[in-house]
Amino acid sequence: MATPRHLDVRDGDVLLMVGTMKGAFLARSRPSRSSWELGGPYFPGYAVYAMAYDGREGRRRLWAGSSSMHWGAVVRSSDDGGRTWTNPEEAPIKFPEGSELSLKQVWQIRPGRAEEPDILYCGVEPASLFESRDGGESWQLVQGLHDHPHRPKWEPGGGGLCLHTIVPDPADRQRLLVAISTGGVYRTDDGGRTWRARNQGVRAQFLPGRHPEFGQCVHKVVRHPLRPDRLFLQNHWGLYRSDDAGDTWGDIANGVPSDFGFAMETHPHDPDSVYIVPIESDEFRCPPEGRLRVFRTRDAGRSWQPLSRGLPQRGSYDVVLRDALAADTLEPAGIYFGTRGGKLFGSPDEGGSWELVADGLPPIVCVKAAIFGDLKSRRARKPVHMASPGRRGKKRPTPGKRAPGRRRRARPAA
Amino acid sequence: MAVTVHIPSALSSFAGGRGRVGLDRAATVREALEALGALHPGVRDRVLTEQGDVRRHVNVFVGDESIRYTGGLETPLQDGAEVFVIAAVSGGSSRE
């Protein structure tokens, strides 16, 4: 059995969490991001579709959703930079007895809002949402979504019927949005009790009615915390933006080589900037023209520009999956992505140039970035509420108290 | 019926490091796995789904007979039976 190489992860390090089809890896660098150390493999042989970092309330906790074809899926955590991980006896995430469902895969682990430090969410296959209110010790099925009348008609996509994206509203504790392949986008406005499909304007080319109420194969939805009513969506064909928290979506595929793709990520500081990695088509899931390029918009989708310096521009047939694109919170921001070919790329200058962080890894399905032990990133910046139709100008709650722990000035980027 | 359940090495850590567990009484494979699960829930949750079904890529044998062909979990057990839990070869490659 492969013995993992452990990292000495220190506060202030940029930490990349890399989930692959054969285990998890960690990469660390000082803020200069000029050189990287690779650790792992953790859980060798297990598919790790989901990883997350929880830095709330003084934690330095890593999360991983690992799945064995033989022994099932579990969520695990580490509080020591990956050296040791929990391996719970009883599976912490289970469907209720009698539900006729069994957990197949953990697709997403998402810490909740900064002011609710003990809440986490987990998206799984078959498409369902679990919530923890005790920091991940126990998990409960969100029954309201589970009981949705659309559920019997949700169909699996190529990767399975999965709830892969969870987007809390930083300004409204009652509001949460999820994305299901294939079911589409669903949103709750009452803390999870009821859910409504929010897919108006998003097409489903594989269904007779091109714009059905639900059933879309949404690949990723992102939201910048400073603009809670605005969302971006990468679809199975289609790029969209919503300015009304998902009530309606408009096409923003302006000047991209293809609007098919999986991955999408926001810039950590600029709410108008979003990154994607276009794929030629659903039938040929490789970079357009054999050129691996990240595209960025800086004007909320009105235009897109390629970012390719340092990326292979000839004969590249690698693909970036939906959860394998990430950004750190430094300035300038670091952008990272992993490919099915096992390559991990990073850019220390917001996409201006790219370098290989690691090569030869198993197929990468998840990349997350965090500043380890960063107090500054734990404090939620106050979201800017943009007036949107249908909202009654409800006053947004004030961001919560400061997280306890050492109060230390954040280090400037090296 | 006293039976012995052989546990795959991948799961022995959930059985106190043991590779086999003796059970005083189990009339069927289902009873044997339930009794095993009561002693070692970590083994149970990895062999059975939360609905109590054997996981798709796990094989259970009584002697050298797969329970897929002998009645599934209701396969009867004789006194002294040996039950083997083995990772199926079909689970060796994850979806990519």
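Rule-based calculations on the coordinates, nothing more; no lab input. Every value quoted in this text rests on a predicted model; they were computed, and no experiment measured them. No Cβ is skipped: glycine too gets one built from the backbone with ideal geometry, and neighbour counts run over all protein chains shown.
Computed from backbone phi, the HN-Hα couplings of the range A:324-340 come to 10, 10, 8, 9, 8, 10, 6, 10, x, 6, x, 10, 9, 8, x, 10, 5 Hz, rounded to whole numbers (Karplus: 6.51 cos²θ - 1.76 cosθ + 1.60, θ = phi - 60°; Gly and Pro given as x).
Highest mean first, the peptides A:348-358, A:133-143 sorted by other C-beta atoms within 10 Å per residue fall in the order A:348-358, A:133-143. Below 8 Å, C-alpha to C-alpha, sequence gap of six or more: please give me the relative contact order for the range A:53-156 in percent. In percent, rounded to a whole number, it is 17.
Scanning residues 5 or more positions from A:G157 or on other chains, those with amide H under 5 Å from its amide H are A:C162, A:T182, with H placed 1.01 Å from N in the peptide plane. Look at A:V319, B:V47 and count the other Cβ atoms within 10 Å of each Cβ; fewest to most, that gives A:V319, B:V47. Between the Cα long axis of helix B:29-39 and the first principal axis of chain B there is an angle of about 80°, rounded to the nearest 10.
For a test of the definition: using alpha carbon positions, the gyration tensor, and the 1.5 limit on a/c, classify the range A:91-233 as rounded, prolate or oblate. It comes out oblate by the Cα gyration axes. This ranking places A:D374, A:D11 by how few other beta-carbon atoms lie within 10 Å of each, fewest first, which gives A:D11, A:D374. Each of A:C122, A:C286 was scored by other Cβ atoms within 10 Å of its Cβ. Listed from fewest to most, they are A:C286, A:C122. Taking amide H positions as modeled 1.01 Å from N, with prolines and chain starts lacking one, the residues under 5 Å from A:C286 and 5 or more places away or on another chain are A:E280, A:S281. Quick check: from the Cα gyration tensor, does chain A come out rounded (a/c under 1.5), prolate or oblate? Cα axes put chain A in the rounded bin. For the residues of B:44-53, the average number of beta carbons from a partner chain within 10 Å of their own beta carbon is 6. Estimated from helices alone, the mean residue ellipticity of the protein assembly as shown at 222 nm is -1000 deg cm²/dmol (sum of -39500 (n - 2.57) over DSSP H runs with n ≥ 4, per residue). Among the residues of A:87-97, the average count of other protein chain beta-carbon atoms within 10 Å of the residue beta-carbon is 4.
Each residue of the range A:14-24 was assigned a 3J(HN,Hα) from its phi angle through the Karplus curve 6.51 cos²θ - 1.76 cosθ + 1.60 (θ = phi - 60°); the sequence is 7, 10, 9, 10, 10, x, 10, 6, 9, x, 10 Hz, with glycine and proline shown as x. Across chain A, Cα pairs under 8 Å and at least six residues apart give a relative contact order of 14 percent.
Under 8 Å for C-alpha pairs, at least 6 residues apart: give me the relative contact order for chain B, rounded to a whole percent. Taking the mean separation of contacting Cα pairs over the length of chain B, I get 36 percent. When chain A is treated as a GNM with alpha-carbon contacts under 10 Å, the residue of A:H219, A:H269, A:H236 showing the greatest mean-square fluctuation is A:H269. Can you bin the range B:3-88 into rounded, prolate or oblate? Criterion: square roots of the alpha carbon gyration tensor eigenvalues sorted a ≥ b ≥ c, rounded for a/c under 1.5, prolate for a/b above b/c, oblate for the rest. Judged from the Cα gyration tensor, the range B:3-88 comes out rounded (a/c under 1.5).
Applied to the range A:221-229, the Karplus parametrisation 6.51 cos²θ - 1.76 cosθ + 1.60 on θ = phi - 60° returns per-residue 3J(HN,Hα) values of 10, 10, 9, 8, x, 7, 10, x, 8 Hz, with x for Gly and Pro. A cut-off of 5 Å between modelled amide H atoms, ignoring neighbours fewer than 5 places along the same chain, links A:A324 with A:V367.
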